[in-house]
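A.B. asks: Below is the structure I would like to discuss, written out as structure tokens.
The values are calculated or read from the model by the stated rules, or taken from the named source; none is laboratory data. Predicted, not measured: the structure shown is a model, and the values here were computed from it. Because the Cβ atoms are built from the backbone with ideal geometry, glycine has one as well, and the counts that use them run over all protein chains shown. The accessibility values were calculated without ligands, DNA or RNA, using every heavy atom of the protein model including side chains. Shrake-Rupley method; radii C 1.70, N 1.55, O 1.52, S 1.80 Å.
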Amino acid sequence: MTHDHDLELRPTARQVAAALNPPAGRNGGDLVVEALAGLGATTVFGLPGQHALGMFDALRRSDLEYVGLRVENNAGFAADAHGRITGEATPLLLSTGPGALTSLAALQEAAAASAPVLAISSQVPSAGIGGGRHGYLHELRDQKASFRDVVKSVHTVRTASQIPSAIAAAWESALTAPHGPVWVEIPQDVLLAETTLPVVTALDATPHDLVPRPELTAVAAHLLQNAERPAIIAGGGVVRSDASGKLLALAEKLDAPVVTTFGGKGAFPWEHPLSMQSWLEDRHTTDFLEDADVLLVVGSGLGELSSNYHTFAPRGRVIQIEADLGKLESNHAGLGIHADARIALTALLETVEDRRDPSAAERVSALLAKVRERIDGQELTLEQEVLAAVREALPDDSPSFWDMTILAYWAWSAFDARRPNTMHSAQGAGGLGYGFPAALGAAAADRTRPVLAVSGDGGAMYSIAELASAKQYELPVTWLIVDDGGYGILREYMTDAFGEATATELSRPDFVALAESFGVPAVRTTTESLREDLAKALAQPGPSVVVLPAVLRMFAPTHL
């Protein structure tokens, strides 16, 4: 008996002829790039190394665009941003040992932010895998063990025929909710060995849908439609699953106020009458959320930042929709729904009945007035003017990438992202050096619009080498460097805690002259001319640098 799927799997005459006569001169590296192309990849990031040369030589014979950065960690940040912007798995090609290990901090950020990075590393020759101490260059006792606690899944290849399937499995893992980085390692000899295997064509690596259980949707809908004071916390999962439209529809159907986490910036319209914006580090907002009798948390684990440093103690029923199983009820007990945010919100929209509450918008307006009053009482005009200048200069549809710096901490709470998936920061893992290389990755994904990177002078030095990459590929990234003479936030923390700061003051280069030495136009600006200078830089093609000498302060914390 012949089944339909038997016919679908039968190759055509042309496919048979091509398979029997593969091009000469191919190696294991070709199988890597053919598999990536077959899965739909268009751009790869990375840095070559001796063991990985088989992969990089194969790029020459492929149609993949290669964007090379100067440090593996920065290449990881670029791949992270490319994955966030496109929503697709972004390949990151690395070499063995030191090259691979240098990417770890970037992969930790990708894991914390659910960015789909497909890291493919070389390994020592096959004879050296297994823990023996053979003394190969770059040898580690167990390279994948260094990554297992950071990435979603690890995949070790030992033969050429395993390459396409391993990459397809990793691709599927990276794109199954929650998205995240994955690790594939391939021995040097396998990458270099000539292969007569057929050219890899289309591969099936469709990610699994994470669907909510219907009985949980029914209970959640009942609680929400019968609530007196419902509220919604929208996290990064809403942005990653492209669910902001579903969130808006549900909030309006329920008349439920919405606050977005710092990772969920742009998930809900900033100026909407139901928008509490992003003032999560404010006790007024914490009180408002604690007063909700039903709290819907979507795409957030309510971690340290989202819970006002774990001072948040909800008194009502909590409903948590989360794709990461380990985050369900990890901080607060409630009705945990293990599901992709978009699918779960769609199910709720189809189940919940309309609920009207004319007082909801009034309560939100009163909350925001209290927040403004608290900030206005702290004489922080300079900080608010700088942030407003950045917002005015940046086109609404331009992505922005923020390093761990005081202006970014302000932006988490006070910046209107205006569009979903346009504001990104390193607040997932909290490492320095993210902003500029991440912006380069986003620009490589879409060269038609300018991209903004924001760093302090300390964080800028982590990725200053990437000015060369920005110039080499003429990527439209404007880098705003706020120069306050050191690690500003650590200076503030230490002064508050110990009375004086230690190890926070830094000797810096002339950032303008340094950028110009790379052939990148640069300008030193002032707080008065920032908006004009930044807008001008963003409007010109290719990379640019704007340096703002300024000492900014944080608003007073409410969790202490």
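A.B. asks: So if I check each of Val154, Val199, Val238, which one is touching a residue at least 24 places away in the same chain (Cβ under 8 Å) and under 30 Å from Val364 (Cβ atoms)?
C.D. replies: From the options Val154, Val199, Val238, the qualifying one is Val238.
A.B. asks: Oh, and also: Suppose we keep only residues that are among the aliphatic types (A, V, I, L, M) and either touching an Asp or Glu at 6+ places or on another chain (Cβ under 6 Å) or under 26 Å from Glu88 (Cα atoms) (or both) within the stretch 229-257. Which one would you say is surrounded by the fewest Cβ atoms within 10 Å (Cβ to Cβ)?
C.D. replies: Among residues in the stretch 229-257 that are among the aliphatic types (A, V, I, L, M) and either touching an Asp or Glu at 6+ places or on another chain (Cβ under 6 Å) or under 26 Å from Glu88 (Cα atoms) (or both), the one surrounded by the fewest Cβ atoms within 10 Å (Cβ to Cβ) is Ala249.
Residue by residue, here is whether (1) closer than 19 Å to Phe555 by Cα; (2) of a type in the set (Lys, Arg); (3) open to solvent by 10 Å² or more (accessible area, probe 1.4 Å) holds:
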site	(1), (2), (3)
Glu385	yes, no, yes
Asp397	no, no, yes
Met404	yes, no, yes
Tyr409	yes, no, yes
Pro420	no, no, yes
Ala429	no, no, yes
Tyr434	no, no, no
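A.B. asks: Consider only pairs whose beta carbons are under 6 Å apart and that are at least six residues apart or on different chains; among these, list those whose first residue lies in the stretch 260-278 and is touching a residue at least 40 places away in the same chain (Cβ under 8 Å) and whose second residue is among the acidic types (Asp, Glu) and open to solvent by 10 Å² or more (accessible area, probe 1.4 Å).
C.D. replies: That search, which allows pairs on different chains as well, returns Trp270/Asp416.
A.B. asks: Right, here's the next one. Filter the stretch 472-505 down to the residues that are in contact with a helix residue (DSSP H, G or I) (Cβ under 6 Å, 6 or more places away or on another chain) and in a loop (DSSP other than H, G, I, E, B) and list them by number.
C.D. replies: Leu475, Pro476, Tyr487, Ala501, Thr504
A.B. asks: In addition: All but one of (1) farther than 19 Å from Ala220 by Cα; (2) open to solvent by 10 Å² or more (accessible area, probe 1.4 Å) hold for Ala267; state the number of the condition that does not hold.
C.D. replies: Unmet condition: (2).
A.B. asks: Please state which of the following conditions Glu492 fails to meet, knowing it meets all the rest: (1) within 18 Å of Leu432 (Cα to Cα); (2) at pLDDT 95 or above.
C.D. replies: Looking at each condition in turn, Glu492 falls short on (2).
A.B. asks: Quick one: is Phe498 touching a Leu at 6+ places or on another chain (Cβ under 8 Å) and surrounded by fewer than 24 Cβ atoms within 10 Å (Cβ to Cβ)? Lay out the reasoning, then the answer.
C.D. replies: Working: touching a Leu at 6+ places or on another chain (Cβ under 8 Å): no; surrounded by fewer than 24 Cβ atoms within 10 Å (Cβ to Cβ): yes.
Judged against the criteria, Phe498 is not a match.
A.B. asks: Sort out for me the helices (runs of 4 or more DSSP H) sitting completely within the stretch 403-471 that have 1 or more residues that are touching a residue at least 60 places away in the same chain (Cβ under 8 Å).
C.D. replies: 406-414, 435-445
A.B. asks: Additional query: Here are some residues: Lys144, Lys152. Which one is within 21 Å of the chain's Cα centre (by Cα) and among the basic types (Lys, Arg)?
C.D. replies: Working: Lys144 fails: within 21 Å of the chain's Cα centre (by Cα).
Among Lys144, Lys152, only Lys152 is within 21 Å of the chain's Cα centre (by Cα) and among the basic types (Lys, Arg).
A.B. asks: Return yes when Pro273 is on the phi < 0 side of the Ramachandran plot, touching a strand residue (DSSP E or B) at 6+ places or on another chain (Cβ under 7 Å) and open to solvent by 30 Å² or more (accessible area, probe 1.4 Å) and no when it is not.
C.D. replies: Answer is no for this residue.
A.B. asks: How about the stretch 274-306: which of its residues are at pLDDT 95 or above and of a type in the set (Ser, Thr, Tyr)?
C.D. replies: Across the stretch 274-306, the qualifying residues are Ser275, Ser278, Thr285, Thr286, Ser300.
A.B. asks: If Ala292 satisfies every condition in (1) within 26 Å of the chain's Cα centre (by Cα); (2) buried (at least 21 other Cβ atoms within 10 Å of the Cβ) but one, which is the exception?
C.D. replies: For Ala292, the failing item is (1).
A.B. asks: Restricting attention to the stretch 23-56, report how many residues are of a type in the set (Ser, Thr, Tyr) and either open to solvent by 30 Å² or more (accessible area, probe 1.4 Å) or touching a Lys or Arg at 6+ places or on another chain (Cβ under 7 Å) (or both).
C.D. replies: Count: 1.
A.B. asks: Continuing with this model, one more query. Ser165 passes all but one of (1) closer than 30 Å to Leu345 by Cβ; (2) of a type in the set (Ser, Thr, Tyr); (3) in a helix (DSSP H, G or I); (4) open to solvent by 30 Å² or more (accessible area, probe 1.4 Å); which number fails?
C.D. replies: Here Ser165 meets the rest and fails (1).
A.B. asks: Scan Asn226, Asn308 and give me the residue that is of a type in the set (S, T, N, Q), out of contact with any strand residue (DSSP E or B) (no Cβ under 6 Å at 6 or more places or on another chain) and open to solvent by less than 10 Å² (accessible area, probe 1.4 Å).
C.D. replies: Values: Asn226 fails: open to solvent by less than 10 Å² (accessible area, probe 1.4 Å).
It is Asn308.
A.B. asks: For the stretch 508-515, state whether one or more residues are outside any helix (DSSP H, G or I), modelled with pLDDT under 95 and surrounded by 15 or more Cβ atoms within 10 Å (Cβ to Cβ). Show your work before the answer.
C.D. replies: At the first step, the residues of the stretch 508-515 found to be outside any helix (DSSP H, G or I) are 508-510.
Adding the requirement that they be modelled with pLDDT under 95 leaves 508.
Okay, now just the ones that are also surrounded by 15 or more Cβ atoms within 10 Å (Cβ to Cβ), so 508.
Yes.
A.B. asks: Okay, next question. Among (1) in contact (Cβ under 8 Å) with a residue 40 or more places away in the chain; (2) crowded, with 24+ Cβ neighbours inside 10 Å; (3) on the phi < 0 side of the Ramachandran plot, where does Glu72 come up short?
C.D. replies: (1)
A.B. asks: Being touching a helix residue (DSSP H, G or I) at 6+ places or on another chain (Cβ under 6 Å), of a type in the set (A, V, I, L, M) and more than 20 Å from Ala344 (Cβ to Cβ), is that true of even one residue in the stretch 225-239?
C.D. replies: Checked against the condition, which is being touching a helix residue (DSSP H, G or I) at 6+ places or on another chain (Cβ under 6 Å), of a type in the set (A, V, I, L, M) and more than 20 Å from Ala344 (Cβ to Cβ), the stretch 225-239 yields no hits at all.
A.B. asks: A follow-up question, please. Output the residues belonging to the stretch 331-369 that are among the charged types (D, E, K, R), farther than 16 Å from Pro257 by Cα and open to solvent by 70 Å² or more (accessible area, probe 1.4 Å).
C.D. replies: Arg342, Glu350, Glu353, listed by residue number.
A.B. asks: How many of the residues making up the stretch 311-330 are touching a Pro at 6+ places or on another chain (Cβ under 6 Å) and open to solvent by 50 Å² or more (accessible area, probe 1.4 Å)?
C.D. replies: 1
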